[in-house]
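The values are calculated or read from the model by the stated rules, or taken from the named source; none is laboratory data. Everything numeric in this text was worked out from a predicted model, so none of it was measured. Cβ: placed from backbone, ideal geometry, glycine included. Neighbour counts: every protein chain shown.
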């Protein structure tokens, strides 16, 4: 395990100490958990941004739009030997 040293503003140091005591853990463990939580949140936000960019690129890609239109049109017709509106029976 790597050791790091960091300085916290007095209010954050006191607040983290108080919360850690309420949770029955050390301030070090509290900070460790907070950092893990923040890392997950930042990674998730980066992933959401990447997905949004990919969706935007798809919206502007004529080949994708044509392919999706063909797919949508194909879904309007039943497959051979498939009863119409089978999901409503």
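Somewhere in the range 47-66, is a residue surrounded by 10 or more Cβ atoms within 10 Å (Cβ to Cβ), more than 28 Å from the chain's Cα centre (by Cα), at pLDDT below 95 and farther than 30 Å from residue 1 by Cβ?
Yes.
Find all pairs meeting these conditions: Cβ atoms under 6 angstrom apart; at least six residues apart or on different chains; first residue within the range 78-89 and at negative phi and in a loop (DSSP other than H, G, I, E, B); second residue loosely packed, with under 10 Cβ neighbours inside 10 Å and modelled with pLDDT of 65 or more.
Going by the 6 Å Cβ cut-off, the qualifying pairs are 78/84.
Just a yes or no: is a residue in the range 35-43 surrounded by 10 or more Cβ atoms within 10 Å (Cβ to Cβ) and either touching a strand residue (DSSP E or B) at 6+ places or on another chain (Cβ under 7 Å) or assigned to a loop (DSSP other than H, G, I, E, B) (or both)?
The answer is no; no qualifying residue exists.
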